[in-house]
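Participant: Shown below is the structure under consideration.
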Amino acid sequence: MSETVGTDRAPAPGAVTVMRRQLRDRPVIPLLGLAAALVVAFAIASPKSMGPEWVGIQLRAAIPLAILAGCQTLAMLTGGIDLSVGAVASIVGFLVATLEPNIGTPAALLFAFSAAVLAGLITGIGVGVFRVHPLIMTLAMSLVVFGTANYLQNVLVKIQTGVPDLVRSIGSDTLYAVLPYSLVVFVPVAAVIIFGLRRSGYGRLLFAIGDNPIAARLSGARAWQVLVVLYVISALLAAVAGVLISGLTNVASVNLADNYVLPSVAAAVIGGTSIMGGRGGYGGTIVGALILTLLGSLLGTLGLPEATRQVVFGSIVVAVAAVYARVTAES
Amino acid sequence: MSATTTPAGVTRPRPLEAITAWARDNSWSLGLVGFLALLFVFTKLIQPSYGATALQGLANSMLPLALAAVAQSIVIIAGGIDLSVASMMALTNVVAASQMRGQGEEYAVLVVIGVLVLGLVLGLVNGSLIVFTRVPDIVVTLAMLYVWAGCALLVLAAPGGSAAVWLKDLVKGSLLIEWIPKSAVLLIVIVAIVWIPLRRSRLGLSIYAIGSNRLAAFRSGVAVGRTKIVAYALGGLFAALGGLALTASMGVGRPMLGGYTLMSIAAAVLGGVSLAGGRGGVFGPIVAVMILSLLQTDITLVGVNPNLATVLQGAILIGVLMLGSITQFRRGRR
């Protein structure tokens, strides 16, 4: 970096340095500014569609993405990534909808979540015990899960077309058109992740392993245990998101959540979590998911064709990440 | 392949020692080739009619993925990763197909050259963004995946266009005898022309150097940023070759291609390229692509449900990777 980064030289750091440090440690505030700017842009582009319903629609769409981005945040803190979240979320949504008419909603949920835990356990053992690179391990796992879902689709007889009423209600209904019911699921999940990362010993271990694996090992952390638990948690979060997505779209296809995988990584990155591990948090990720959702629907409202939307979407992700890297750059 | 050249000034080892040393250094690749041979024997056993025609089909269908795997391997060796390979292939594929439609055979030569240059430029953009913005590779290429895919849709909204006859002939059929598929020869020629000189040049060494230790490479006077950009540009070139191979084998351009990025990473890793960078070559990944393609054929031949075939493919991938990382881990301990 050419800029002066006088962290250990200057006795009193300059205003710029303080601001940078603030931005690096608390990315939520500037990101909220960006989200607000997108809301303003939306209001200018399409004043008619603004209103309580609009808030509800945006929140409802952002919540599953935020949960999946939570999987990425946790994995990225350890220097990993979880690309199997799409496949796991899809198979859970599919299983719940398909099994529900026969065995009832609670049993279907239990069964689907057990499947997710199994997938997460295998991924965790692969990454933690066998030390396969998380990128390739989760990739291979998503092949396995996706194939299984496709196979089950042919074997299981589907009685109804949509998803169970309870799931649909949680995924798509809103209170007074503003507050989506999925907040009931999301708020506790988010609270546990944020609190867990900041205050619990397990949360600190995630940071420690990502920041310096050797130092973590020497200070007694058993990385493999942490990683196995991490990928099980990640699969559980993906399962929750899968239920919400199937409720939101009222379909239970086996590639339900495929389109969420890459945005979930992008949301965590925009939210200030370093893909190299050891730095980040869930607060930024939530705002990152909100920004991507707002951006998507803004581009949709502008009436741009799908092709242009993809180009703009990609460019903005690079631009935000680049600004981020510039501003928060450490020497 | 890992380095096998003896350092200058050291007395040459006896031939037998040299061979065992070479075998030890390349044990992973040799294991892959052995596995491939076993797989061929197995295929012949379950399907006695498996012959020259089927071999041509195999070579034909694996060509685009093999080129994508080479593109991915070069980038991974340089310490990066390129998630936008499939999008670059889609973009070059549709540009080639849309430009060749209704044009003469000679004009198609210009189109091919133009598309290769386009591939270089796409890779150059990826690499420059990574180097100049200092955003991690995986994030930049993830975002560029959308950009290039969007561009491909802008060029051709639906499958269309056409390919020159000579281009299609280039990958169809066999050469000299029916047991040598043209596309396999083409693959070997392309890789030999680009990779072998590169591997022996200063640039090639630099690519390995920045992948295995950035700081050490920088301190030994390697232009780290420039080398990385070149590695991505080469990746773009091979992605464009993959896109052209698709144009040639499909005869049309398709703006939406799935799976090539992820399969290329899988093939690179299976082929002995370390995701940490600086280790591996391009021949291992090509063998890995052959294995993956043949495995798919076999699974279909055995009559397994195609969906379970995906499960099996993933499970085999996981098993092989676990095995590989265990052996690597134990060797590292010693």
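The values are calculated or read from the model by the stated rules, or taken from the named source; none is laboratory data. Just so we're clear, the structure is a prediction, and the values are computed from it rather than from any experiment. Counting neighbours? That spans all protein chains shown, and the Cβs are built from the backbone with ideal geometry, glycine included. With ligands, DNA and RNA removed, areas are computed over all heavy atoms of the protein, side chains included. Shrake-Rupley method; radii C 1.70, N 1.55, O 1.52, S 1.80 Å.
Participant: Under the condition of being at pLDDT 90 or above and farther than 17 Å from A:Leu230 by Cα, which residue from region A:88-101 is most open to solvent (accessible area, probe 1.4 Å)?
Facilitator: By that ranking, first place goes to A:Ile91.
Participant: Yes or no: B:Arg226 in contact with a helix residue (DSSP H, G or I) (Cβ under 9 Å, 6 or more places away or on another chain), at pLDDT 90 or above and away from chain A (no Cβ under 14 Å)?
Facilitator: yes
Participant: Can you confirm whether B:Ala288 is at pLDDT 80 or above, facing another protein chain (nearest Cβ under 10 Å) and either in a helix (DSSP H, G or I) or open to solvent by 20 Å² or more (accessible area, probe 1.4 Å) (or both)?
Facilitator: Criteria not met by B:Ala288.
Participant: Another one. Restricting to region A:102-142, and then to whatever is hydroxyl-bearing (Ser, Thr, Tyr), touching a helix residue (DSSP H, G or I) at 6+ places or on another chain (Cβ under 7 Å) and open to solvent by 10 Å² or more (accessible area, probe 1.4 Å), can you tell me which residue is nearest to B:Ile265 (Cα to Cα)?
Facilitator: Taking the candidates together, the pick is A:Ser142.
Participant: Follow-up question, since we're still on this one. Go through region A:246-299 and count every residue that is more than 21 Å from B:Val135 (Cα to Cα), within 14 Å of chain B (Cβ to nearest Cβ), in a helix (DSSP H, G or I) and open to solvent by 20 Å² or more (accessible area, probe 1.4 Å).
Facilitator: Adding up the residues that qualify gives 4.
Participant: Kindly check whether there is at least one residue in region B:91-102 that is crowded, with 22+ Cβ neighbours inside 10 Å, modelled with pLDDT under 85 and touching a Ser or Thr at 6+ places or on another chain (Cβ under 9 Å).
Facilitator: Taking every residue of region B:91-102 in turn, at least one turns out to be crowded, with 22+ Cβ neighbours inside 10 Å, modelled with pLDDT under 85 and touching a Ser or Thr at 6+ places or on another chain (Cβ under 9 Å).
Participant: Another question about this same structure. All but one of (1) more than 9 Å from every other protein chain (Cβ to nearest Cβ); (2) over 13 Å from A:Asp82 (Cα atoms) hold for A:Gly124; state the number of the condition that does not hold.
Facilitator: Going through (1) more than 9 Å from every other protein chain (Cβ to nearest Cβ); (2) over 13 Å from A:Asp82 (Cα atoms) one by one, A:Gly124 breaks only (2).
Participant: Then there's this: Restricting the search to region B:131-144, which residues are in a helix (DSSP H, G or I) and surrounded by fewer than 22 Cβ atoms within 10 Å (Cβ to Cβ)?
Facilitator: B:Val131, B:Phe132, B:Thr133, B:Ile138
Participant: If you don't mind, there's one more thing I want to ask. Residue check: is A:Ala307 under 28 Å from B:Val131 (Cα atoms) and either at the interface with chain B (Cβ under 7 Å from one of its Cβ atoms) or not hydrophobic (A, V, I, L, M, F, W, C) (or both)?
Facilitator: Considered against the rule, which asks whether it is under 28 Å from B:Val131 (Cα atoms) and either at the interface with chain B (Cβ under 7 Å from one of its Cβ atoms) or not hydrophobic (A, V, I, L, M, F, W, C) (or both), A:Ala307 comes out as yes.
Participant: Any chance you could count how many residues in region A:134-153 are facing chain B (nearest Cβ under 7 Å), farther than 15 Å from B:Gly319 by Cβ and within 21 Å of the chain's Cα centre (by Cα)?
Facilitator: 2
Participant: Scan region B:40-60 for residues that are out of contact with any helix residue (DSSP H, G or I) (no Cβ under 9 Å at 6 or more places or on another chain) and among the β-branched types (Val, Ile, Thr) and jot them down.
Facilitator: Selection gives B:Val41, B:Thr53.
Participant: I need a count of the residues in region B:202-247 that are of a type in the set (Ser, Thr, Tyr) and open to solvent by 30 Å² or more (accessible area, probe 1.4 Å). Give the derivation first.
Facilitator: Start the filter on region B:202-247 by keeping residues that are of a type in the set (Ser, Thr, Tyr), which leaves B:206, B:208, B:212, B:220, B:227, B:232, B:247.
Going one step further and asking which of them are open to solvent by 30 Å² or more (accessible area, probe 1.4 Å), we end up with B:212, B:220.
So the count comes out to 2.
Participant: Also, I was wondering about something else. Six or more apart or on different chains, Cβ atoms under 8 Å: show the pairs whose first residue is in region B:45-62 and under 23 Å from B:Leu167 (Cβ atoms) and whose second is aliphatic (A, V, I, L, M) and open to solvent by 40 Å² or more (accessible area, probe 1.4 Å).
Facilitator: Hits for this filter: B:Leu58/B:Met290; B:Met62/B:Met290.
Participant: Right, A:Val251: closer than 14 Å to A:Asp82 by Cα, in contact with a helix residue (DSSP H, G or I) (Cβ under 9 Å, 6 or more places away or on another chain) and in contact (Cβ under 8 Å) with a residue 40 or more places away in the chain or not?
Facilitator: Working: closer than 14 Å to A:Asp82 by Cα: no; in contact with a helix residue (DSSP H, G or I) (Cβ under 9 Å, 6 or more places away or on another chain): yes; in contact (Cβ under 8 Å) with a residue 40 or more places away in the chain: yes.
Taking the combined requirement at face value, the residue does not satisfy it.
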